[in-house]
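The values are calculated or read from the model by the stated rules, or taken from the named source; none is laboratory data. Since the structure is predicted, the reported quantities are computational estimates derived from the model, not experimental observations. Positions of Cβ are backbone-derived with ideal geometry, glycine not excepted, and every protein chain shown enters the neighbour counts.
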Amino acid sequence: MQFISRWYKDRSIQQRRQLKLGAILLAALFGLWFSNQSQVVPAAGPVPNPGILSSKVRVHVVGAVASPGLYELESGSIANDAILAAGGFTEEALQQTVNLARVLSDGEQLLVRAEGEVGAESASGLISLNLSSDTDFEQLPGIGPALARRIVEYREQHGSFGSLEELTSVSGIGPKLFGQIKDLLTL
């Protein structure tokens, strides 16, 4: 240690300043490197929701298609891709009831209605949020043609309704109107 002390004292003031500056920079770099290393935490266990990270979407295609079933498609696929994966429409399919350009979401069910199907009322007489057409929704109190169309468009853009309460996400359906019609609805 004395050797270093003597060597340091033998340096000019300018050299001492440069040495101090170099030591400070070296300490700062070491501190920065060390702090980055301590933030690296290895993953513990499986990822909680692998669907978020997946490049695939799983879609259940049902109704008037050649081969109904569960299909795994590339993320960003549209309804037309799911219909093609299911072998295409059958002759009875009401193709106009499906927005073929809609981007699919993981875990959704894509229903292709067929000609002659009874409306979207369930056996209990309730209107299905996930199966009803514009005209079905117009049967509800306070729902006119424009609002009925917005409900269908919302479903086409966002996929099937996950709960009755999600209906309040449709522009024009507030808590008051929802309270009037919720007992007439089913998923």
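Could you tell me whether Leu110 is part of a strand (DSSP E or B), among the aliphatic types (A, V, I, L, M) and surrounded by fewer than 17 Cβ atoms within 10 Å (Cβ to Cβ)?
no
Would you tally the residues in region 95-145 being at positive phi and either modelled with pLDDT of 80 or more or in contact with a helix residue (DSSP H, G or I) (Cβ under 8 Å, 6 or more places away or on another chain) (or both)?
The number of residues fulfilling the criteria is 2.
Of all residues being in a loop (DSSP other than H, G, I, E, B) and modelled with pLDDT of 90 or more in region 49-75, which is nearest to Glu115 (Cα to Cα)? Just the residue, please.
Ala66
Restricting the search to region 162-187, which residues are under 20 Å from Val62 (Cβ atoms) and in contact with a Ser or Thr (Cβ under 9 Å, 6 or more places away or on another chain)?
Correct list: Thr186, Leu187.
Across region 56-76, what is the number of residues that are closer than 16 Å to Ser105 by Cα and in contact with a strand residue (DSSP E or B) (Cβ under 6 Å, 6 or more places away or on another chain)?
Result for region 56-76: 12.
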